[in-house]
Amino acid sequence: MEIEVLFRPSYSLGVVKLSPGEKIRADAGAMVSMQNVSIETRMEGGLLKSLGRSLLGGESLFQNTFVASPSGGEVTLAPDLPGDVFFIEMHNETLLVQSGSYLASESGIELSTKLSGKGFMAGEGITMLEVKGTGKLLLSSYGAIYEKNLAVGEKYTVDSSHLVAFNANLEVATKAVGSLKSTLFSGEGLVVEFTGPGRLMMQTRSQQAFLNWLIPHLPTKSS
C-alpha cells in the first residue's frame, strides 16, 4: 500500500494505491474517487462496538472497506472540513484521537471507544476514539496539523480545542493558563499540559473558535 497526501495543508487529499487484493478501511463518506476497487460496507467489530464508536466516539456507524481488484486499485479520501490529512505509520502503539479526526486505516489497526480519564482531562470528554495496532493510519484536522515529539519529562501546553491525537502513554493534566485574571480574560481559559515521552498532534485552527465567530454573524428572523 502506498499513500500520498496532496494539496496540503488546506484542502488535503489522501491518495491510496492498493496492491492486488489489498484493503483499506475508511470512515463513511470519506471517499472522493476510486478505480478498480470494490466496497464492503459493514459495522466493524459488530453492533455494540459500532454503536459505541458512533454514539460516544463521534464516528460513523458503518464503515467502508475498499478492496483492490487482481490488477490493483486506487481510492482517494478526504475529510468533511477544509484542512489537513496526516499520515502515521503506527508500530504496536495506541493513540487517543478526537471525535471526527479518524479518516482511514489498514486492517492491522483496531478502533474502539475508550472511556478515558486522560480524554476528559484533555477537554475531549469522557470518551475518545482509541486507535491501536500496527499499520498505516490517516487522520484529518481543521487547518494544518502540527506534530510535537516530547522527550522524557518534557512538558508541553495545548489549548484543548486544537488537540487532534496523542500517545496514550503521555501524562495529561488540566491547568489554568495563568492567574485567575488571565484565565478569565485572556481568551485561553483552561489548557492541557502533556508530559513526555510521546507524541501529540495539533490542528492550527479551532472549530469551536470558528463557530464562536460565525454564529453571531448569522442572520436571524425578525420577530
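Throughout, read-outs are computed from the coordinates displayed, never taken from laboratory work. Only a predicted model underlies this, so the values are computations on that prediction, with no experimental measurement involved. For neighbour counting, all protein chains shown are included, and Cβ atoms are generated from backbone atoms with ideal geometry for every residue, glycine included.
A few remarks follow.
- Alpha-carbon Debye profile of region 132-175, log10 I(q)/I(0) at 0.14, 0.23, 0.28 Å⁻¹: -0.42, -1.09, -1.34
- Given their separation in residues at 0.36 nm each and the Cα-Cα distance between them, E110 and E193 gain 27.2 nm when the chain is fully extended.
- Computed from the Cβ-Cβ distance with R0 of 45 Å, the FRET efficiency linking V15 to N212 stands at 0.85.
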